[in-house]
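Contents: one structure, followed by commentary.
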């Protein structure tokens, strides 16, 4: 599977770009999956539901299935957060895995930078960031692509990964 990341600081527009890229690559008849890094505790379950009650009772894993989808929840009780490589191994084979976040991992990435920002560019010190998708003029020795040019960003990723 080919892997490419979208990274940037909080509220930079990563998720919006991910949505557009998934749709664009799907329109090119590629199978696409995504991985999102959450920096906080999160729950896809709802209090009171049977699956929530199973987890509350101490189940290490809970799998919920229907005719539309299935989800496996695994509790990281005494474990570290799994690496990106370990998470990708758990996924079904697809043409492209788009990764949101995971700044510290060593996969190829594009950094998203919007006008309203007061953080330094991550790309300045990270050789895994190959380009910057932005809506502002930036002086950097990396490829800069207009943040609103979904096709241009998809072409950059597609060319790099030889999709």
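Some points to look at:
- Meets criteria (touching a helix residue (DSSP H, G or I) at 6+ places or on another chain (Cβ under 7 Å) and within 29 Å of residue 62 (Cα to Cα)) for residue 99: yes
- Meets criteria (in contact (Cβ under 8 Å) with a residue 60 or more places away in the chain, touching a strand residue (DSSP E or B) at 6+ places or on another chain (Cβ under 8 Å) and surrounded by 12 or more Cβ atoms within 10 Å (Cβ to Cβ)) for residue 163: yes
- In region 135-163, the residues that are modelled with pLDDT under 95 and under 18 Å from residue 15 (Cβ atoms): 135
- Selection from region 122-155 of residues that are in contact with a strand residue (DSSP E or B) (Cβ under 6 Å, 6 or more places away or on another chain) and not in a loop (DSSP other than H, G, I, E, B): 122, 123, 129, 131, 132, 133, 134, 143, 144, 145, 152, 153
- For region 20-64, a tally of residues being under 22 Å from the mean Cα position of the chain (by Cα) and surrounded by 12 or more Cβ atoms within 10 Å (Cβ to Cβ) returns 17.
- Residues satisfying the stated conditions in region 1-19, i.e. in contact with a helix residue (DSSP H, G or I) (Cβ under 9 Å, 6 or more places away or on another chain) and crowded, with 16+ Cβ neighbours inside 10 Å: 2, 3, 4, 5, 6, 7, 8, 9, 17
- Of all residues in region 82-116 being under 15 Å from the mean Cα position of the chain (by Cα) and within 14 Å of residue 13 (Cβ to Cβ), the one that is surrounded by the fewest Cβ atoms within 10 Å (Cβ to Cβ): 100
- Residues that are without any contact (Cβ under 8 Å) to a residue 24 or more places away in the chain, over 25 Å from residue 86 (Cα atoms), out of contact with any helix residue (DSSP H, G or I) (no Cβ under 7 Å at 6 or more places or on another chain) and surrounded by fewer than 18 Cβ atoms within 10 Å (Cβ to Cβ), drawn from region 117-142: 118, 120, 124, 125, 135, 136, 137, 139, 141
The values are calculated or read from the model by the stated rules, or taken from the named source; none is laboratory data. Since we're looking at a predicted model, the values are computed, not measured. Methodologically, a virtual Cβ is constructed for each residue, glycine included, from the backbone with ideal geometry; neighbour enumeration extends over all protein chains shown.
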